[in-house]
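Trainee: My structure is below; once you've seen it, I'll send some questions.
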Amino acid sequence: MLSRRNFLLTSALAAGAGAVPTGLAAEKKRRAGADDLRDWGAVRRQFDLDPRYIHLSGFYLTSHPRPVREALESYRQQLEANPLHTVEHLMFGSPQDHVLTKVCNTIASYIGGSGDDIALTQNTTTGLAVIYQGLPLKPGDEILTTTHDHYVHHESIRLAAERHGATWRKIPLFDSYDAISADELVERIQKAIRPETRVVGVTWVHSSSGLKLPIRRMSDAVAEVNRGRAPERRVFFVVDAVHGFGVEEPDLLTMGMDALAVGTHKWIFGPRGTGFAWARPEVWSVMKPMMPGNSAALFSAWAGEKPPAGPARAAWFSPGGFQAFEHYWALPAAFEFHRAIGPARITERIRELNTQMREGLAKMPHVVLYTPRAKELSSGITCFDVKGMTQRQVVQRLLERHKILATTSPYPVSYARLAFGIQNTPEEVEKTLAAIRAMT
Ligand SMILES: Cc1ncc(COP(=O)(O)O)c(C=O)c1O
């Protein structure tokens, strides 16, 4: 990406590059520990989580597992010892040393597609803002979304709509949690698309209820609408994928969306303050960045006092400037950790634990379970209410009496929320069920 070394310290680096540690030793150590990860107890021990609690909020913000902590520490030490040479070497050195390119390629090897189509961001929020602000909207265009999405998704849409003179509209995808069907979820989106609709934005796994949307089928429905449209009026399908990422199947791009945003500091256990946006190259090419990007091409154009050549591409949308570099550089360690455990095993384990929870809750007459029990409509988040108690009281009771760390969903209509991840055990599910059973 960047090649600022042309301007800085070329000769000093040539002389001293070998002095910058590569983090290889830490990488070897991580690989050596990979075999242990066949055992879920060993997986749990990778996290420094306070053992006095049952942690059911890993989806909120991750605790870093050991390999990620080690990678962070190794890069941090390099930065502390020599910030200048470390950054010059890893960010502005030869293309084969460029760590952010490796980071993007690592992500691409997990989700499919090419690292060239990935913009690194600080979180899901920045990714959504980059996408919505960048899309080529005009006055009179509409963004269609749902009533179920997160605050940062709606705000990204509102701010982009205001900037472009466009409008936006929210629709409910279902009327009652008792009767959610994949067919209806898809149909409601398709039927709500109007001639002026240019973007449809949804969330893969709702943090409001735990509902998982049939994204592949929704992509097909949007594609069907697009078949009747001129290319310049096509509908873009945007997905907030944060709570499916690291839980469901890794090859996200098979779901067929046009663009997605993800935070890598939740289910995938990446360093805090990291995430990415992905879009099809033909979508990036018609988008406009809203801030200076992290791209050699942009820098060269600026240095040559010319506008950037060619269509826009993902790197133009990675916010530029100095960042918490060690957090981005350490991101591959999280993907390696995931791969070492096995994404299919992770999906299965998260499904088993949350199914155990939901089946248990469904049997309790004093509990209202909102998350669907069907495998195709649920993932790693479970939302419920206890009759006669507010969701806050439920969460407080779990904490005070049982040291269980649950959350309330931060939405206008809020529920008690639990999320079992690979750090948790079937015994913790049973303890949580017993605690809720006792709330009669
Ligand atoms: C559905 C959803 N989207 C976006 C976000 C914001 O994520 P981030 O902190 O990565 O910006 C959250 C927060 O957990 C969320 O639940």
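The values are calculated or read from the model by the stated rules, or taken from the named source; none is laboratory data. All values derive from a computational prediction rather than experimental measurement. No Cβ is skipped: glycine too gets one built from the backbone with ideal geometry, and neighbour counts run over all protein chains shown. Each accessible area value is taken on the protein alone, full model and side chains, heavy atoms only, with ligands, DNA and RNA left out. Shrake-Rupley method; radii C 1.70, N 1.55, O 1.52, S 1.80 Å.
Trainee: Somewhere in the range 312-327, is a residue of a type in the set (D, E), open to solvent by 10 Å² or more (accessible area, probe 1.4 Å), at pLDDT 95 or above and out of contact with any helix residue (DSSP H, G or I) (no Cβ under 9 Å at 6 or more places or on another chain)?
Mentor: Within the range 312-327, the subset of a type in the set (D, E) is 326.
Next, only the ones that are open to solvent by 10 Å² or more (accessible area, probe 1.4 Å) stay: 326.
After this cut, where a residue has to be at pLDDT 95 or above as well, the list is 326.
If we keep only those that are out of contact with any helix residue (DSSP H, G or I) (no Cβ under 9 Å at 6 or more places or on another chain) as well, we get none.
Within the range 312-327 (the criterion being of a type in the set (D, E), open to solvent by 10 Å² or more (accessible area, probe 1.4 Å), at pLDDT 95 or above and out of contact with any helix residue (DSSP H, G or I) (no Cβ under 9 Å at 6 or more places or on another chain)), the answer is no, since none of the residues qualifies.
Trainee: Here are some conditions: (1) aliphatic (A, V, I, L, M); (2) more than 22 Å from S63 (Cβ to Cβ); (3) buried (at least 17 other Cβ atoms within 10 Å of the Cβ). M389 meets all but one. Which one does it not meet?
Mentor: It is condition (3) that M389 fails.
Trainee: Let me ask something else about it. Restricting to the range 91-144, and then to whatever is within 16 Å of the ligand (Cβ to nearest atom) and in a loop (DSSP other than H, G, I, E, B), can you tell me which residue is surrounded by the fewest Cβ atoms within 10 Å (Cβ to Cβ)?
Mentor: Of everything passing the filter in the range 91-144, Q122 is surrounded by the fewest Cβ atoms within 10 Å (Cβ to Cβ).
Trainee: Restricting to the range 157-202, count the residues that are open to solvent by 10 Å² or more (accessible area, probe 1.4 Å) and within 16 Å of the ligand (Cβ to nearest atom).
Mentor: Going through the range 157-202 one residue at a time, the tally reaches 3.
Trainee: For the structure I just gave you, tell me whether E305 is among the charged types (D, E, K, R), assigned by TED's automatic domain parsing to the domain that holds S109 and at positive phi. Quick ask: steps written out before the conclusion?
Mentor: Numbers: among the charged types (D, E, K, R): yes; assigned by TED's automatic domain parsing to the domain that holds S109: yes; at positive phi: yes.
It is true that E305 is among the charged types (D, E, K, R), assigned by TED's automatic domain parsing to the domain that holds S109 and at positive phi.
Trainee: Another one. For the range 43-58, name all the residues that are more than 16 Å from the ligand (Cβ to nearest atom) and either polar (S, T, N, Q) or open to solvent by 30 Å² or more (accessible area, probe 1.4 Å) (or both). Walk me through it before giving the result.
Mentor: Residues of the range 43-58 that are more than 16 Å from the ligand (Cβ to nearest atom), as a first pass: 43-54.
Within the range 43-58, R44, R45, Q46, D48, L49, D50, P51, R52, Y53 qualify.
Trainee: Return the residue satisfying two criteria in turn: it lies in the range 356-386 and is in a loop (DSSP other than H, G, I, E, B) and of a type in the set (V, I, T), and of such residues it is surrounded by the fewest Cβ atoms within 10 Å (Cβ to Cβ).
Mentor: At the first step, the residues of the range 356-386 found to be in a loop (DSSP other than H, G, I, E, B) are 363-366, 370-374, 379-381.
Now restrict to residues that are of a type in the set (V, I, T): 371, 381.
Working: T371: 28, I381: 26.
Here the residue is I381.
Trainee: Working only within the range 203-255, note down all residues that are among the acidic types (D, E) and either surrounded by 24 or more Cβ atoms within 10 Å (Cβ to Cβ) or within 16 Å of the ligand (Cβ to nearest atom) (or both).
Mentor: Here is the first cut: in the range 203-255, the ones among the acidic types (D, E) are 220, 224, 232, 240, 248-249, 251.
Result: D240, E248.
Trainee: Can you spot a residue in the range 192-212 that is free of Cβ contacts under 8 Å to residues at least 12 places away in the same chain, over 21 Å from S414 (Cβ atoms), more than 25 Å from the chain's Cα centre (by Cα) and assigned to a helix (DSSP H, G or I)?
Mentor: No: the range 192-212 contains no residue that is free of Cβ contacts under 8 Å to residues at least 12 places away in the same chain, over 21 Å from S414 (Cβ atoms), more than 25 Å from the chain's Cα centre (by Cα) and assigned to a helix (DSSP H, G or I).
Trainee: Okay, moving on. Restricting the search to the range 257-300, which residues are touching a Lys or Arg at 6+ places or on another chain (Cβ under 6 Å) and away from the ligand (no atom under 16 Å from the Cβ)?
Mentor: D258, W284
Trainee: I'm told P307 meets every condition in (1) closer than 17 Å to H98 by Cβ; (2) modelled with pLDDT under 95 except one. Can you identify the failing condition by its number?
Mentor: Just one mismatch for P307, condition (1).
Trainee: Considering A259, A277, A241, A221, which residue is within 11 Å of the chain's Cα centre (by Cα), within 28 Å of A374 (Cβ to Cβ) and small (G, A, S)? Write out each step before concluding.
Mentor: On the way: A259 fails: within 11 Å of the chain's Cα centre (by Cα); A277 fails: within 28 Å of A374 (Cβ to Cβ); A221 fails: within 11 Å of the chain's Cα centre (by Cα).
The conditions single out A241.
Trainee: Show the residue pairs meeting these rules: Cβ distance below 6 Å; 6+ apart or different chains; first residue within the range 59-73 and open to solvent by less than 70 Å² (accessible area, probe 1.4 Å); second residue within 15 Å of the ligand (Cβ to nearest atom) and not in a loop (DSSP other than H, G, I, E, B).
Mentor: F59/A419; V68/A334
The rows are residues; the columns are (1) at pLDDT below 95; (2) under 30 Å from K102 (Cβ atoms); (3) open to solvent by less than 30 Å² (accessible area, probe 1.4 Å).
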| position | (1), (2), (3) |
| --- | --- |
| F335 | no, yes, yes |
| R397 | no, no, no |
| L405 | no, no, no |
| S414 | no, no, yes |
| F420 | no, no, yes |
| Q423 | no, yes, yes |
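Trainee: Testing R349 on (1) touching a Leu at 6+ places or on another chain (Cβ under 8 Å); (2) under 30 Å from K431 (Cα atoms); (3) not acidic (D, E), one condition comes back false. Which one is that?
Mentor: The single condition R349 does not satisfy is (1).
Trainee: Take the range 340-355 and flag every residue that is surrounded by 17 or more Cβ atoms within 10 Å (Cβ to Cβ) and either in contact with a strand residue (DSSP E or B) (Cβ under 7 Å, 6 or more places away or on another chain) or in contact (Cβ under 8 Å) with a residue 40 or more places away in the chain (or both). Explain how you work it out, then say what you get.
Mentor: Going residue by residue through the range 340-355, those that are surrounded by 17 or more Cβ atoms within 10 Å (Cβ to Cβ) are 340-341, 343, 346-347, 349-351, 353-354.
Result: A340, I341, P343, I346, T347, R349, I350, L353, N354.
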